[in-house]
Every structure is written in C-alpha cells, then in structure tokens.
Amino acid sequence: MTRLQLTVWVVLIGVSSLVVAKNLAPCELLFASEDDWYPYSGVRNGEAVGLTVDIMRAIYQRPGVSVRFQPLSYSRCMEVARTARYAGCFTTSRNDFYEPYYRYAQLPLLEGQIRIYSRSNRPERDLDMKSLEGQEVGVVLSYGYGKEFDANTAIRKEYSTREINAFRKLKAGRIPYVVAWEGTVNHMLQQNPDLRGWVQPVGKLAPGPVYVSFSRAHPDVERLVSRFDEGMAQLRKSGQLRQLESRWQTNSGD
C-alpha cells in the first residue's frame, strides 16, 4: 500500500466513523410505556402494545440496537424516566413543569382529537373549551389535554385515576362532562357495553399532542432525541406512520 493509498484509507475510515457517530452505538434501549391508554399504549399478556409502541420500535430498532418496553402506570413511567437506566417514558404530556426534568424532541409522538363527552340525554352540541368554564369536567390525574385547557382555572376539573372511572361518574350523573381522546373512548366503549348508549360526543378541544419524555440522565440522550426527530420525519414522509395509524384504528377493539 502506497503512502497516498494509506492516507486515503485513513480518511475514509474517519468519515465512516463520523457517520456511525451520528447514529446510536450498538446497545439495548429500555423505554417505559404507559400501560392504560390503549390503543395508543397499553399492555396485553404482560407485553407493551399499541400504536405508539409500534412507532417507537420503527424509529429505534436498527441492526445492533434492540428496544425493550416496560409497561407502567403513568406516574411510575414518569418517575423511572428520570433515571439513566430508562431512555424515557411515553406517552406523556409536555408542559412548563416537566421541561426542567426531561428532554423533548421537536416533533410529538402522536397527535389526536380530544373530544368533550356528556350523557346521551343532554341536548347540547358543538361545545368548546369556553363552554366548559364554570362546569365540572372529568379528567384523568396527571394527563395533559393541551396547554390552554390545562391552564384554564375557570374549568372545575374532577380528577379520576383512570379514564373509565371518569365515564362511570358521567353515567351516574355526578359530573356533566368528560374530556378524553377519541381513540381511547372508542375502545373503552367497545370493551364496556354497560356504557354504550349513555355517552355521546358534544364538542371538541384543539388536537392534542403527546410526547416522549427522554431521560436527561441517559448518556445517549442527545442522540436519542436526534434519532427520534429524524425517524419520525421519515415515517411521515414514507407513509408508514399513516399505515400504522390505520392498522390500529382497525384493531382498536382487540
């Protein structure tokens, strides 16, 4: 090998190393995922399943990089995401309180329609956030429904630990409204026949984004965030994201 050939070879190796450095090194990534937000993120037979689980796997599963998901309650998920062992937690809200504790990508993990629900015997229609001011509204503890709704102190929020509990309060007449994501409500009604016929959508909030709360303590957090934005952009451009959403809309009753 001539000196020129050796020089070219060394330069090529250096360039290859820079390309590899932009991606995650061979490793195992452990994410915590919410266990009670099906079909977006839930648990079946002890395994994490849902639309967002499939999205995260599509973004991060690469040769040499394996991805595992630990289903946990929302509060526990957020707690463990502050340790280096977990790469992050999803699906989560993003607000001023969380910002100092977690790292966030530019793109959300998911955006969906948040609707206002009432008992089916109430006549109102086309409600919005302003319509809820002064009213008791069922929400789930620690869930986010958009910054404007979350910060609106004129809405009297009635907290439940699970979405189905909020709707049982609605059916019993204890509260007049519940706000919830349309996809989770559709699945809940399929799984709970006693609530069918009692619940109707009567309005909507602005579409709500949810995020991955990445652990600031994780040694690869910056590359994890960069890879997420890059991977999500690719999923959107290729149409794969739309395919995943369609599949889970079809299978949401499973």
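Can you give the charge dipole size of the chain about its Cα centre, rounded to the nearest 20 debye, using +1 on the beta carbon of Lys and Arg and -1 on the beta carbon of Asp and Glu?
The calculated dipole for the chain is roughly 220 debye.
Which residue, Ser238, Ser93, Ser118, has the most motion in a Gaussian network model of the chain that connects Cα atoms within less than 10 Å?
Residue with maximal mean-square fluctuation among Ser238, Ser93, Ser118: Ser238.
Which of rounded, prolate or oblate describes segment 107-254 when judged by the alpha-carbon gyration tensor and an a/c cut-off of 1.5?
Prolate, because a/c is 1.5 or more and a/b exceeds b/c.
Show me, bin by bin at 5 Å from 0, the whole-percent P(r) of segment 25-167 based on Cα pairs.
2, 8, 16, 20, 19, 14, 10, 6, 3, 2, 1, 0
Just going by the charge dipole of the chain, with Lys and Arg at +1 and Asp and Glu at -1 on Cβ, which of Met232, Asn152, Val210 is farthest out on the positive end?
The one lying farthest along the dipole's positive direction is Met232.
Probe of 1.4 angstrom, ligands and nucleic acids ignored: what's the accessible area per residue over the chain, in square angstrom?
52
Determine the gain in length on full extension of the stretch Ala217-Gln191; use 0.36 nm per residue of separation and subtract their C-alpha separation, reporting nm with one decimal.
Extra length from Ala217 to Gln191 when fully extended: 5.5 nm.
Output needed: Cys residues of the chain lacking any neighbouring Cys C-beta below 4.7 Å, sorted by number.
Cys27
Which distance in nm do the two modelled labels at Asp126 and Arg57 give, with both placed 7 Å along the Cα-to-Cβ direction?
4.4
What aspartates and glutamates does Lys130 reach when the alpha-carbon gap must be under 20 Å and sequence neighbours fewer than 8 apart in one chain are set aside?
Partners found: Glu148, Asp150, Glu158, Glu182.
Once the Cα atoms of segment 206-254 are picked out, what are the Rg and Dmax in Å?
14.1, 39
Between Val65 and Gln240, what is the label-point separation in nm under the 7 Å Cα-to-beta-carbon projection?
1.1
Once the piece of chain linking Glu182 and Leu141 is laid out straight, how much longer is it, given 0.36 nm per residue of separation minus the C-alpha distance between them?
Between Glu182 and Leu141, full extension yields an extra 13.0 nm.
Work out how much length Gln200 to Ser226 would gain on full extension: take 0.36 nm times their residue separation and subtract the Cα-Cα distance, in nm to one decimal.
Full extension of this stretch gives 5.3 nm more.
Can you give the Kirkwood hydrodynamic radius of segment 81-135 from its Cα pairs, in Å with one decimal?
Radius from the Kirkwood sum: 15.0 Å.
Round to the nearest 0.05 the FRET efficiency obtained for Gln106 and Glu133 when R0 = 35 Å and r is the Cβ-Cβ distance.
The calculated FRET efficiency here is 0.65.
Over segment 68-195, what is the mean sequence separation of C-alpha contacts under 8 Å (at least six apart), divided by residue count, expressed as relative contact order in percent?
26
Segment 196-254 to segment 79-118: how many Å between their Cα centroids?
11
Leaving out ligands, DNA and RNA, what percent of the accessible area of segment 44-91 is carbon and sulfur, probe 1.4 Å?
So the carbon and sulfur contribution to the accessible surface is 46 percent.
Could you point to the residue in Pro63, Leu132, Tyr101 farthest towards the positive end of the chain's charge dipole, with +1 and -1 charges on the Cβ of Lys/Arg and Asp/Glu respectively?
Pro63
With labels modelled as points extended 7 Å from the Cα through the Cβ direction, what inter-label distance (nm, one decimal) is found for Asn95 paired with Leu30?
2.9
The values are calculated or read from the model by the stated rules, or taken from the named source; none is laboratory data. The structure displayed is predicted, hence computed values, not measured ones. We place every Cβ from the backbone using ideal geometry, glycine too, and count neighbours over all the protein chains shown. Note: accessible area is taken over every heavy atom of the protein model, side chains too, but ligands, DNA and RNA are not part of it. Shrake-Rupley method; radii C 1.70, N 1.55, O 1.52, S 1.80 Å.
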